[in-house]
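Just below is one structure, and these are the notes that go with it.
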Amino acid sequence: MKRIISISLAVLLLISCCVISAGAVVELKYSIRIEGVNANLYYGEWTMSNNADKPIECTVAEALKNVNDADDCKIEVKGLEDGYVTEINGEKAGKFGGYDGWYYSVNGEAPSVGMADYKLKDGDSIVIYYGDYPCQIPVIDASKSGEGVLKVQSYDTDWSTGSPVSAWAPVSGATLYVGYNKYTTDSNGIVDLGSKSYSGKVPVQIDKRSAAGAPQVCRFASDYTLDINYTPANPEPEQKTQVSSFTDKSLYVGQSMKIIPVVKFAKGNTSFISDRKSIASVSSDGIVKAHKKGTATITVKNNGVSSKFKITVKNPKLNRKKISLKKGGSFKIKITGKNGKQTFKSSKKSVAKVSKSGKVTAKKKGKATITVKTNGSVKLTLKVTVK
């Protein structure tokens, strides 16, 4: 996704006549990726432009705010006003009970200053990621991939002595997915591709967790690939691709789920297709998002072999549709399948008022309708009769 932000042109008014003066267009391009605990939350490219002869200044915090403020990005960031991210899309710092939280890197390196103090340069690549501390930012040395060897390492900085000391260190004990084959890096960060054959660009992904479940290595981008051309001395015989079957699923509007297919003997990328994107869409990495009530069929396909399952999208529902209360009585509205923010509004506050948390209080005899907005655009109603 590419974004363009325009900065207003300064107009100079001369005393005797109206003259508009503008310098050459200056642009600042950057990419930003947000990696949550278990999945990518956002990945896009942005361009800021300014018709003036001066550079554009933008910090990492401001770049993240741009994503936060764009409605269609579906990103909600908390803590930015203090220059330190405390939560993104409900994933709060410290959820695993340690020093885990939201960190960032630029061009594969972890800066020594906060997001609000790091000024971007044209072409910078930002990654905001949830990780344990320390969390390694992996780099793969594929110079010996033709011999069946990959080396995973990171450029780590040690602050324990008071003065930063940076050096390359192995990423050991990590799970490395090469194509649809799974390996574990050894103590030197090395993976032996063994008897598997590879040719051309191969998707690669990585994962490593603490005992509590916090990420200890930053994921690669969802479109990350390595050019690997390796034929082992004794290759495994070619097997027919198999795609696992799936159970039909149900989601409420606004919810999402990750499809984790079991694909044996895969060839190339696995594709995900929805036949009714307006009801449930699916991303290239298998994240299904529910948009409105209905049923959609999701197809998982690899090498001409496919598996299908249905996603039934339901509207959230209230614990009651109608209630009767005596004056002074109250009722707590509960929502099954709620997602995101909820708002509550009474058609007649003088008869029945409702709090921000959904508590209905009867004021006087009469009838009122409570409208509940949830899961983005879903509206539900509760009829209230006060006796």
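If a residue must be hydroxyl-bearing (Ser, Thr, Tyr) and within 30 Å of residue 268 (Cα to Cα), how many such residues does the stretch 301-346 contain?
3
State all residues of the stretch 296-345 that are among the hydroxyl-bearing types (Ser, Thr, Tyr) and open to solvent by 30 Å² or more (accessible area, probe 1.4 Å); if no residue qualifies, say none.
297, 306, 312, 324, 330, 336, 343
Among the residues in the stretch 148-168, are any open to solvent by 10 Å² or more (accessible area, probe 1.4 Å), under 16 Å from residue 221 (Cα atoms) and more than 22 Å from the chain's Cα centre (by Cα)?
no
Of the residues that make up the stretch 107-121, is at least one in contact with a strand residue (DSSP E or B) (Cβ under 9 Å, 6 or more places away or on another chain) and under 27 Å from residue 181 (Cα atoms)?
Yes, because at least one residue in the stretch 107-121 is in contact with a strand residue (DSSP E or B) (Cβ under 9 Å, 6 or more places away or on another chain) and under 27 Å from residue 181 (Cα atoms).
For the stretch 190-208, enumerate the residues that are assigned to a loop (DSSP other than H, G, I, E, B) and at negative phi.
193, 195, 196, 197, 208
Right, residue 172: in contact with a Phe, Trp or Tyr (Cβ under 7 Å, 6 or more places away or on another chain), surrounded by 15 or more Cβ atoms within 10 Å (Cβ to Cβ), among the hydroxyl-bearing types (Ser, Thr, Tyr) and not in a strand (DSSP E or B) or not?
No: the conditions fail for residue 172.
For the stretch 227-242, indicate whether the set of residues that are open to solvent by 20 Å² or more (accessible area, probe 1.4 Å), closer than 24 Å to residue 126 by Cα and in contact with a Ser or Thr (Cβ under 9 Å, 6 or more places away or on another chain) is non-empty.
Yes; the residues of the stretch 227-242 include at least one that is open to solvent by 20 Å² or more (accessible area, probe 1.4 Å), closer than 24 Å to residue 126 by Cα and in contact with a Ser or Thr (Cβ under 9 Å, 6 or more places away or on another chain).
What residue, among those in the stretch 175-189 that are farther than 25 Å from residue 133 by Cβ and assigned to a strand (DSSP E or B), is least open to solvent (accessible area, probe 1.4 Å)?
Filtering the stretch 175-189 for residues that are farther than 25 Å from residue 133 by Cβ and assigned to a strand (DSSP E or B), the one least open to solvent (accessible area, probe 1.4 Å) comes out as 178.
Just for the stretch 153-178: of the residues that are of a type in the set (Val, Ile, Thr) and more than 16 Å from residue 209 (Cα to Cα), which one is modelled with the lowest pLDDT?
Taking the candidates together, the pick is 161.
Let me confirm something: among 253, 282, which residue is within 23 Å of the chain's Cα centre (by Cα) and either open to solvent by 60 Å² or more (accessible area, probe 1.4 Å) or within 30 Å of residue 103 (Cβ to Cβ) (or both)?
On inspection, the qualifying residue turns out to be 282.
Just to be sure before I move on: is residue 288 surrounded by fewer than 18 Cβ atoms within 10 Å (Cβ to Cβ), over 30 Å from residue 383 (Cβ atoms) and in contact (Cβ under 8 Å) with a residue 12 or more places away in the chain in the structure I sent?
Criteria not met by residue 288.
Could you check the stretch 304-387 for strands (runs of 3 or more DSSP E) lying wholly inside it with 1 or more residues that are of a type in the set (Ser, Thr, Tyr) and more than 30 Å from residue 273 (Cα to Cα)?
322-325, 330-332, 343-346, 359-362, 366-374, 378-386
The values are calculated or read from the model by the stated rules, or taken from the named source; none is laboratory data. Being a predicted model, the structure only gives us computed values, none of them experimental. Please note: Cβ atoms are built from the backbone with ideal geometry, for glycine as well, and neighbour counts cover all protein chains shown. The area values use the complete protein model at the heavy-atom level, side chains included, leaving out ligands, DNA and RNA. Shrake-Rupley method; radii C 1.70, N 1.55, O 1.52, S 1.80 Å.
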